[in-house]
Amino acid sequence: MKAIQLSLLAVFSLVLASCVQPKENLPQKIDDFVIKAQVNCKEYTQEDWEKSVKEYEALMEEYGKKESTYTAEEKQKVANAAGRYHALLLENAIDQSSDEIKALLKELADESKLLPAFMDGFKDVLQSDTVKLEKIFSDIFASDPVKEIIGSIGSLFGGLSDAFEDNEEIETIVDTLGPAEPLDIAK
């Protein structure tokens, strides 16, 4: 009989201990998780962020399953923590994008140093050989592919294709452009 009483007392103690033990407070756990992320996020690597997001999603999924059992105050606590966590995610994304944009701008700045040299070379040719350029453009406009393109475009607008039926008319149009003058690109 004593053994039965001790067994019942032990079972009763276990049941009582489990009832007295506080249930897991998931809203507080979520808030604590976000606080920890706020404190440590500046040192997070990309891998740390991925791990953090997975843990956050698991916590929120668990919360979603039990959301109806929480008080309005607990729901507000979770909503506040979620807002803070998403702000951290946004800050991280902006930081990463900022670094990438800075690198891209540096690369463009390095490339743009070549542009003035390119333009100087281009200007030298244009100023020194305008006759040659005039012949090149005349040859281009007199070529069959260009005439076909102009004819196609002309047919869209009606009548322009007739003006380009033969080379003489194209040469006449090019001749009406007047003499080529050196370009002053430096302006």
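Please work out the FRET efficiency for the pair K106 and E61, using the Cβ-Cβ distance as r and a Förster radius of 41 Å; give the result to the nearest 0.05.
Step by step, r from the Cβ atoms, then E = 0.50.
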If each of H86 and D124 carries a label point 7 Å out from its Cα toward its Cβ, how far apart are those two points in nm? 5.9 nm
Report the local net charge at E100: Lys and Arg +1, Asp and Glu -1, summed over other residues whose C-beta lies under 14 Å from its C-beta. -1
Subtracting the Cα-Cα distance from 0.36 nm times the residue separation, let me have the gained length for Q76 to D99 in nm, one decimal. 4.8 nm
First measure r as the distance between the Cβ atoms of K51 and L114, then evaluate 1/(1 + (r/R0)^6) with R0 = 41 Å and state the FRET efficiency to the nearest 0.05. 0.40
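Where a number appears in this text, it was derived from the coordinates with a stated rule and is not lab data. From a predicted model like this one, the values you see are computed outputs, not experimental measurements. Methodologically, a virtual Cβ is constructed for each residue, glycine included, from the backbone with ideal geometry; neighbour enumeration extends over all protein chains shown.
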